[in-house]
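Peer 1: Below you'll find the structure I mean.
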């Protein structure tokens with residue numbers, strides 16, 4: 001039976017809404033640059049901030065975290081610095097930004113996870129950012145798309161890399177357009193990423209790392225408010241790349257909305273909206289997030305890995321969901337700073 005899908009979503013929700021009063025907003029970004037050219041090491045700059053907004057709309061920073069690192073072609077971290085610098089940070093030199101990096105982080109920096117440190121969020125995002133960021137070269141140099149195809153192992157129609165990824169996520173299930181060549185590589189990203197920062201709320205985001213030349217950015221926002229016995233969460237996630245003529249194009253973007261019991265931290269409702277995705281089949285993954293309703297928010301990282309593994313979920317949506325595990329600590333910060 002032939003299934004007919006609508007085109008993939010291509011509409012950003014940016015800019016971010018103004019900060020709600022009596023809220024805590026966590027924002028994070030990882031910017032990727034190629035200061036030594038496409039064949040040189042990549043520069044990654046990660047930044048995260050917790051920002052409390054009071055009843056009068058005025059805000060103040062509660063916590064920040066930042067790192068800068070270099071990464072070789074095979075995703076090996078060659079140097080790293082962070083502020084504040086946690087113990088054992090230098091043990092990440094020589095580690096590769098792949099599936100085992102998160103395990104390494106758990107082993108050498110458990111205290112960052114325990115206190116939901118903003119630095120951990122951007123370190124946890126390294127693997128996904130390293131995987132996706134190479135697409136930025138094809139956006140900055142459209143004429144070099146053939147080089148990008150070669151670096152990825154060919155075009156979608158003849159790509160052993162994507163063939164190996166069949167069934168790793170909902171959108172790349174066997175038979176879908178992303179692994180059969182149903183769409184050209186150069187057509188997977190054509191949506192205006194918009195501007196993250198709202199002109200009406202310039203303090204709504206932390207300062208970004210700005211640089212010349214091609215660039216990639218992974219950005220997150222999590223707004224937490226208390227409404228009686230409920231915690232309300234509004235979250236956003238976007239992957240984007242710079243265009244040589246100006247502006248940015250997005251390849252992944254999701255919005256999340258959730259309500260949580262303030263005492264038990266049980267997830268009462270959870271909705272995901274696909275805003276921008278590369279393939280027509282990708283949005284189907286949002287329906288499975290309902291499996292997390294009824295679960296304890298503190299265990300969402302483990303629940304996502306267990307319940308939305310492989311073709312049951314989307315790797316980018318899963319990352320957005322896993323970041324919600326920090327909300328209980330953000331709720332504590334919100335109350336402590338009141």
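The values are calculated or read from the model by the stated rules, or taken from the named source; none is laboratory data. Please read these numbers as outputs of a predicted model, since none were measured by experiment. Neighbour counts run over all protein chains shown; Cβ positions are idealised from the backbone, glycine included.
Peer 1: For region 224-253, give me each residue that is under 20 Å from the mean Cα position of the chain (by Cα), under 17 Å from residue 328 (Cβ atoms) and surrounded by 23 or more Cβ atoms within 10 Å (Cβ to Cβ).
Peer 2: Residue satisfying the conditions is 224 alone.
Peer 1: Just checking, which of 174, 143, 212, 157 is part of a helix (DSSP H, G or I), modelled with pLDDT of 65 or more and out of contact with any strand residue (DSSP E or B) (no Cβ under 6 Å at 6 or more places or on another chain)?
Peer 2: Numbers: 174 fails: part of a helix (DSSP H, G or I); 212 fails: part of a helix (DSSP H, G or I); 157 fails: modelled with pLDDT of 65 or more.
Of the residues listed, the single one that is part of a helix (DSSP H, G or I), modelled with pLDDT of 65 or more and out of contact with any strand residue (DSSP E or B) (no Cβ under 6 Å at 6 or more places or on another chain) is 143.
Peer 1: Can you name the strands (runs of 3 or more DSSP E) wholly within region 1-109 that have at least 3 residues being crowded, with 20+ Cβ neighbours inside 10 Å?
Peer 2: 23-33, 42-53, 59-71
Peer 1: So which pairs qualify, if the first residue must be in region 129-152 and farther than 20 Å from residue 245 by Cα, the second must be at pLDDT below 70 and assigned to a helix (DSSP H, G or I), the Cβ gap must be under 8 Å, and the two must be at least 6 apart or on different chains?
Peer 2: Short answer, once both residue conditions are applied: 149/185; 152/161; 152/162; 152/185.
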